[in-house]
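The values are calculated or read from the model by the stated rules, or taken from the named source; none is laboratory data. Just so it is clear, the model here is predicted, and its values are computed rather than measured. Here the Cβ positions follow ideal geometry from the backbone for every residue, glycine too, while neighbour counts run over all protein chains shown.
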Amino acid sequence: MLDKDAYTSPLPIDGKGDLAEKTLRRAIVSCVLQPGERLSEASLVQEFALGRGAVRAALAQLKASGLVSSSPRSGWVVAPVSASEIRELCAARR
């Protein structure tokens, strides 16, 4: 049976950052956010209905994972995928 409280109770403070990280990770892995795409914190907040602080924390976690990169004046970018990485993924799936 569905636990309504699980959906209506507020998230703990660090839970919001985790939720944002999982949401953005899923969007990157499923190519909703394309490799090489520039990311704006404001557009991510609006598109995914997340808080700005949670988005910043999530982007920092994703940077540590290598899924995004940042530069001081350019902002955030989804990491590109190389041909060798695609071959490795295909080989791993076999």
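Which residue is farthest from the chain's Cα centre (by Cα), if the candidates are limited to the stretch 35-94 and must be among the acidic types (Asp, Glu) and assigned to a helix (DSSP H, G or I)? Step by step, filter the stretch 35-94, then rank; the result is Glu88.
Does Pro10 count as modelled with pLDDT under 55 and either outside any helix (DSSP H, G or I) or in contact with a strand residue (DSSP E or B) (Cβ under 9 Å, 6 or more places away or on another chain) (or both)? Criteria met by Pro10.
Please go through the stretch 61-78 and pick out each residue that is in contact with a helix residue (DSSP H, G or I) (Cβ under 9 Å, 6 or more places away or on another chain) and surrounded by fewer than 17 Cβ atoms within 10 Å (Cβ to Cβ). Passing the criteria: Ser65, Ser69, Ser70, Gly75.
Here Ala42 fulfils each of the conditions (1) surrounded by 11 or more Cβ atoms within 10 Å (Cβ to Cβ); (2) more than 15 Å from Glu21 (Cβ to Cβ); (3) of a type outside the set (D, E, K, R) apart from (1).
Residue count for the stretch 63-94, restricted to those that are aliphatic (A, V, I, L, M) and closer than 21 Å to Glu21 by Cβ: 7.
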